[in-house]
Amino acid sequence: MQKAVQKRTLRTRARLLAASEEVIHREGYEALRVEEVVKAAGVAKGTFFAHFRDKDALMEILIGERLSSIFDQVEANLPPRTVPELIRVLKPIHSFMTSERYVFDLLIRYSGAAAVAEIGPIAHCFERYFRVVGNWLTYADVRKDVSADLLAEGVQAFAIQAMSLKFCALHEAQSFEDKLEIYLEAWLTPAT
């Protein structure tokens, strides 16, 4: 009997996730409403909350999975050696992260975990970003007076800064990529 309940629970959760993805595909992340999801999944609202604490908990899973999938594609590229190449290779990640204000805000809120038990898919993606960029910078044409790990932390911090400016009315004149290139050239270029 326990296995039947567990299988039913897993099927219900899968239906909720699939219904959520359908709504997102049609309307975007921010427009998703729990009421639409439960209706599309054919379950009661209480069932949703038995599986997810709230909409953001569901979104952490969906956005984390999407970001992880994008990382898989990005890592299949040849490692970038220059700042322009680095920006080009990371573009699919940055584009998704800034696709909607809601997505960016949720990514920032879930980027760090207060305890090991709270590490979720988004926090893992932020760690993956740092790790992947650090590996690339070890062999890139960048300054060598600072460790690749510290350089990677800076790349991530500057990317987040440039993303946040994308959503700021005071900084609309300059594109995300242009702003990021200024930051990364200053941060990664060896002193002459």
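The values are calculated or read from the model by the stated rules, or taken from the named source; none is laboratory data. A quick note: this is a predicted structure, and the numbers were derived from the prediction, not measured. Glycine gets a Cβ as well: all are built from the backbone with ideal geometry, and neighbour counts include every protein chain shown. Accessible surface is based on the protein model in full, side chains and every heavy atom, while ligands, DNA and RNA are left aside. Shrake-Rupley method; radii C 1.70, N 1.55, O 1.52, S 1.80 Å.
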Within region 156-172, does at least one residue satisfy the condition of being open to solvent by 20 Å² or more (accessible area, probe 1.4 Å), modelled with pLDDT of 95 or more and within 20 Å of ASP72 (Cα to Cα)?
yes
Which pairs turn up if I take residues in region 64-91 that are farther than 13 Å from ILE122 by Cβ and look for partners that are surrounded by 14 or more Cβ atoms within 10 Å (Cβ to Cβ) and of a type in the set (S, T, N, Q) with beta carbon separation below 8 Å, at least 6 apart in sequence or on another chain?
PRO79/ASN135
Hey, could you check region 1-56 for residues that are under 26 Å from SER99 (Cα atoms) and small (Gly, Ala, Ser) and say which is nearest to the chain's Cα centre (by Cα)?
GLY28
Test VAL34 against the stated conditions and say whether it is over 30 Å from ASN135 (Cβ atoms), touching a residue at least 12 places away in the same chain (Cβ under 8 Å) and touching an Asp or Glu at 6+ places or on another chain (Cβ under 9 Å).
yes
Out of the residues in region 173-186 meeting the condition of being of a type in the set (A, V, I, L, M, F, W, C) and open to solvent by 60 Å² or more (accessible area, probe 1.4 Å), tell me which one is farthest from GLU100 (Cα to Cα).
ALA186
Does region 103-117 contain at least one residue that is among the basic types (Lys, Arg), within 26 Å of ALA76 (Cα to Cα), in contact with a helix residue (DSSP H, G or I) (Cβ under 9 Å, 6 or more places away or on another chain) and in a helix (DSSP H, G or I)?
no
Odd one out for ASN77, checked against (1) part of a loop (DSSP other than H, G, I, E, B); (2) under 29 Å from HIS51 (Cα atoms):
(2)
For residues that are touching a Phe, Trp or Tyr at 6+ places or on another chain (Cβ under 6 Å) and of a type in the set (Asp, Glu), tally how many sit in region 43-84.
1
Report the residue count in region 117-139 for those that are touching a residue at least 12 places away in the same chain (Cβ under 8 Å) and within 30 Å of ARG53 (Cβ to Cβ).
12
Considering only helices (runs of 4 or more DSSP H) wholly within region 1-66, the ones with at least 1 residues that are open to solvent by 100 Å² or more (accessible area, probe 1.4 Å) and within 24 Å of SER111 (Cα to Cα) are 2-27
Considering only region 140-164, state which residues are free of Cβ contacts under 8 Å to residues at least 40 places away in the same chain and not small (Gly, Ala, Ser).
VAL146, ASP149, LEU150, LEU151, GLU153, GLN156, PHE158, GLN161
